[in-house]
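The values are calculated or read from the model by the stated rules, or taken from the named source; none is laboratory data. For clarity, every value in this text was computed on a predicted model and none was experimentally measured. All Cβ positions, even for glycine, are placed from backbone atoms using ideal geometry, and neighbour counts span all protein chains on display. These area figures cover heavy atoms from the full protein model, side chains too; ligands, DNA and RNA do not enter into them. Shrake-Rupley method; radii C 1.70, N 1.55, O 1.52, S 1.80 Å.
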Amino acid sequence: IQQRWLEVGQGRSKFELPVTAAMSPNVYVSVALLQPHQDKKNDRPIRLWGVIPIKVHDAKTVLEPVIAAADEWKPRQKVSFDVSEKQGRAMTYTVAVVDEGLLGLTGFRTPELHDEFYRREALGVTTWDLFDDIVGAYGGELERLLALGGSDEAEGGKGKKSKRRFPPVVKFLGAFHLDAGGKGHHEIELPQYLGAVRVMVVAGEHGAYGHADKSIPVREPLGMLATLPRVLSPGEEFSVPVSLFATDPKVKEATVEVAVDDHFEIVGDGKASVTFKEPGEQVATLRLKSLDRPGMATLRFTAKGSGQSTGSDVNIMVRNPNAPTSVQHLHMLKADETWTEHVVPHGLPGTNSVSIEISAVPPLNLDRRLNYLLTYPYGCVEQLTSSAFPQLYLATLVQLSDKQKAEVENHINAAVDRLRQFQAPDGSFQYWPGGHLQSWATSYAGHFLIEARRLGYQIPSAMMNPWMNYQHQAARGWVAGGTDAALDQAYRLYTLALANEAELGAMNRLREQDHLTSSARWLLAASYRLAGQISAADDLVKDDNIEVADRYDMTDPTFGSRLRDQAIILTGLATLNRLDRAQPLVESISASLATDRWYSTQSVAWSLLAMARYAGDSAGKAFAFEQTVGTQAASHIESATPVYRAQLDSFLDQGSDVSFRNSAGRTLYATITTRGIPQAGSEEASSKGLKLSIDFTDLDGHSVDIEHLAQGSDIVAEVEIMNRTERDMENLALNFAVPSGWEIHHARYTAQGDTPPDLDYQDVRDDRILSYFGLKAGKRITLKFQLNAAYLGRFYMPATLVEAMYDAETHALRPGEWVEVGKPGE
């Protein structure tokens, strides 16, 4: 320890500290204020100011990159910069150019590799693993659309790719090698952007490291920013405020124009002018109308004046707030029979799709049922699992292209990653993140993970091991007549046996229970079979008559239905190699799927799983047929899988004939499905079991007329739901969507985003709020949402729907309506 005495007066003082070769790479200096005018021998510190770390480095380990760039860049231009090393040393480096605003969101600092690699190590030991790289490799939100026929995934499709509303400045270049004394020259194209970007260089060479960064403002004499709602609906007419910024005193006037694609039309002449007395901001207003053509649209704004020009492209989604509907045409094709159907799409232009399904097994209505799972608007753990589970077996049903296989793989991996949000520390899965344990869903999610792992997907041990431990403990602690039904325990035991972790003791205890349902009996028998106890499995079901319940109670914790139980039994039959008894079940499941009847996500997913298992275990399903669409020549199609499914691209909105001839020599099942979104405002009020009412007030509680609001008005929507039945209800969902010109003011945006106490979960999105809750018989719940009428124009307020997620017959719907937002005082 070295001690240095300094006499400090006003101003700054400096001192030198000698450094020896044996000194630690980090030297710490304590600075103390001493009492003045005393003998130094007796002086004592009266206040400690702090500890200052001083870094000591070997100069050979330090690189000093230098960035040579202009002090200011302009948007929509190609800009350049040079990179060199201050001492002329060789180095390998990478470059990143990123919007300062994005970096500021997380407080991102330019990486300092030297400090990282030459930092002090605790006990001289550093542990390395690849866990984060493996688990995070498939991060991202689960895609909710899967186009099996080859169309684009984006809503509205028709060849348009998904575009960002505001393309961010995120450029990564390299790696580059710089010879001694060399200089690297780089160019990038900047988008329409105003602000500042940071150029970051990270370098290394033979144990030497360094970094450099430079913040560069991006601006121009005349700038522009157009403000629009987050999304729009067809048929809406609205004003677009365009802010023009003059940073140069020479700019005195400017005229702004807008160019539209086939999703919009211009109201008026599409021009507006402003004048500047001094540098600053002026706002010009343009008026547009969205057409009945949903999809991703692009608006191009340009401004010119005083010899300057600027431009801005805004990508915006025009989406119909109504849910898509499907219409099916089905026919059983006998050998050598020809069937012709005139098919007319029923949705708005740009929303229609037509697909065909020809199968050698009883029809599955695959297009409609799979799309239902993938586009289901809610997202609890059961529904998330249901949307992904059937995709594991698509390849056994239909032939997939390499692109479709990659899409399925991405969806499965994203689902696995998202399930981590629902897993509790004890390994169980919660119905909503941070919510209550759901026993059946715990087995269901684990079942999905087991099958995904068996098919080669990477499932983190940090998910599987805690889940396995939980299942073992729950299976051993199960008591007849407790909170978990026998079917729940049977499913738990089945998942453990499927994972080669059979709990024979718990299986034997359940086997002794009287009055096991057929679904529980077949699941338990399948568990014995998987555990190698073949005789026990056969004895358990030899006298079973395969009976299933006609209807489950609304609060059933297994999300049960007659269709779901039939699928469970079919799975048991396949596991026990008893497909000789499966035909009645297969026909019944197929008949249910082929209808227009609503089924829960649980029922549909289990049905597709069971039918895929049945089709995969049934040999000889290849077939051939001829297809003719409109005036096109007939095409011969051969399918090596039990189901052939394709989308008819470029199908005419006015309709066309579709013909099939069965050349397979045996019966085939043909389905033509049209999907489309109907015109907004076509829905009708309905109510069954639930009552829904909405009152709109100002912040003081006075009623307001939402058909005519002043811009900037703050309003409160009071949504009341009443359970009019005589039974308690769980898993109710309220879908409250707002007009495009309104904005949601929610606690989530003010750092108070906890779920309200009366709700199980709440999901706040840009254009709607999804709320989930239970409601006892005869009781009411009132939810309040604060909104703001932000944009001038005429907008459509979508229908409000509350429904039981596992019984769509229990619901209430308030139709949509048109609302206007005008200027204050008008």
### Message
Of the residues Thr375, Thr385, Thr351, Thr340, only one is among the β-branched types (Val, Ile, Thr), more than 30 Å from Trp818 (Cα to Cα) and open to solvent by 10 Å² or more (accessible area, probe 1.4 Å); which?
### Response
Thr340
### Query
What number goes with the only condition from (1) in a loop (DSSP other than H, G, I, E, B); (2) β-branched (Val, Ile, Thr); (3) within 30 Å of Asn320 (Cα to Cα) that Ile721 does not pass?
(1)
### Message
So in the range 578-627, with the set limited to residues that are among the hydroxyl-bearing types (Ser, Thr, Tyr) and part of a loop (DSSP other than H, G, I, E, B), which one is nearest to the chain's Cα centre (by Cα)?
### Response
Ser600
### Task
Would you point out the residue of the range 706-730, among those that are of a type in the set (A, V, I, L, M, F, W, C) and open to solvent by 30 Å² or more (accessible area, probe 1.4 Å), that is nearest to the chain's Cα centre (by Cα)?
Met722
### In the range 58-80, the residues that are closer than 26 Å to Phe301 by Cβ, open to solvent by less than 20 Å² (accessible area, probe 1.4 Å) and either in a helix (DSSP H, G or I) or not β-branched (Val, Ile, Thr) (or both)
Trp73, Pro75
### Of residues in the range 173-212 being within 30 Å of Gly311 (Cα to Cα) and among the charged types (D, E, K, R), the one least open to solvent (accessible area, probe 1.4 Å)
Arg198
### Summary
Of the candidates Thr671, Thr641, the one satisfying the condition of being touching a helix residue (DSSP H, G or I) at 6+ places or on another chain (Cβ under 7 Å) and either closer than 22 Å to Asn371 by Cβ or in a strand (DSSP E or B) (or both) is Thr641
### Task
Please enumerate the residues belonging to the range 635-652 that are open to solvent by less than 70 Å² (accessible area, probe 1.4 Å) and over 17 Å from Pro362 (Cα atoms).
Ser635, Ile637, Ala646, Gln647, Leu648, Phe651
### Message
Given the condition touching a strand residue (DSSP E or B) at 6+ places or on another chain (Cβ under 7 Å), crowded, with 21+ Cβ neighbours inside 10 Å, aliphatic (A, V, I, L, M) and over 30 Å from Asp767 (Cα atoms), answer yes or no: does some residue in the range 227-249 qualify?
### Response
yes
### Conditions (1) open to solvent by less than 40 Å² (accessible area, probe 1.4 Å); (2) in contact with a Ser or Thr (Cβ under 9 Å, 6 or more places away or on another chain); (3) on the phi < 0 side of the Ramachandran plot: number failed by Asp556
(2)
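Any residue at all in the range 777-786 that is small (Gly, Ala, Ser) and surrounded by 19 or more Cβ atoms within 10 Å (Cβ to Cβ)? Talk me through it step by step, then tell me what you get.
Pass one, the range 777-786, residues small (Gly, Ala, Ser): 777-778.
If we keep only those that are surrounded by 19 or more Cβ atoms within 10 Å (Cβ to Cβ) as well, we get none.
No; the residues of the range 777-786 include none that is small (Gly, Ala, Ser) and surrounded by 19 or more Cβ atoms within 10 Å (Cβ to Cβ).
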### Query
If Gly481 satisfies every condition in (1) at pLDDT below 90; (2) in contact with a Lys or Arg (Cβ under 8 Å, 6 or more places away or on another chain) but one, which is the exception?
(2)
### Task
Tell me, please, whether a residue that is within 20 Å of Ser443 (Cβ to Cβ), of a type in the set (A, V, I, L, M), without any contact (Cβ under 8 Å) to a residue 60 or more places away in the chain and in a loop (DSSP other than H, G, I, E, B) can be found in the range 548-568.
yes
#### Entry: Members of the range 173-217 that are touching a residue at least 60 places away in the same chain (Cβ under 8 Å) and in a loop (DSSP other than H, G, I, E, B)
Asp179, Ala180, Gly181, Gly182, Leu190, Pro191, Gln192, Tyr193, Leu194, Gly207
### Query
Among the residues of the range 410-427 satisfying the criterion of being surrounded by 15 or more Cβ atoms within 10 Å (Cβ to Cβ) and not aliphatic (A, V, I, L, M), which is farthest from Thr385 (Cα to Cα)?
Gly427
## Note on the structure
Quick count over the range 81-95, residues being touching a residue at least 60 places away in the same chain (Cβ under 8 Å) and either open to solvent by 20 Å² or more (accessible area, probe 1.4 Å) or more than 18 Å from Val170 (Cα to Cα) (or both), is 10
### Summary
When (1) open to solvent by 40 Å² or more (accessible area, probe 1.4 Å); (2) under 19 Å from the mean Cα position of the chain (by Cα); (3) at pLDDT 85 or above are applied to Asp766, the one that fails is (3)
### Message
Among the residues of the range 351-368, are any out of contact with any Cys (no Cβ under 7 Å at 6 or more places or on another chain), assigned to a strand (DSSP E or B) and at pLDDT below 85?
### Response
no
### Query
For the range 276-304, how many residues meet the condition of being touching an Asp or Glu at 6+ places or on another chain (Cβ under 9 Å), open to solvent by 60 Å² or more (accessible area, probe 1.4 Å) and under 30 Å from Thr247 (Cβ atoms)?
4
### Task
Scan the range 473-486 and give yes if some residue there is more than 30 Å from the chain's Cα centre (by Cα), surrounded by 23 or more Cβ atoms within 10 Å (Cβ to Cβ) and of a type in the set (Phe, Trp, Tyr), otherwise no.
no
### Query
Has the range 435-458 got at least one residue that is farther than 23 Å from Thr601 by Cα, in contact (Cβ under 8 Å) with a residue 40 or more places away in the chain and open to solvent by less than 30 Å² (accessible area, probe 1.4 Å)?
no
### Task
Would you check if there is a residue in the range 236-248 being out of contact with any Leu (no Cβ under 7 Å at 6 or more places or on another chain), in a loop (DSSP other than H, G, I, E, B) and farther than 18 Å from Pro279 by Cβ?
yes
### Residue within the range 529-543 that is of a type outside the set (Asp, Glu), surrounded by 20 or more Cβ atoms within 10 Å (Cβ to Cβ) and touching a residue at least 60 places away in the same chain (Cβ under 8 Å) present
no
### Task
Select from the range 569-620 the residues that are over 19 Å from Arg368 (Cβ atoms) and among the aliphatic types (A, V, I, L, M) and list them in ascending order.
Ile569, Leu570, Leu573, Ala574, Leu576, Leu579, Ala582, Leu585, Ala619
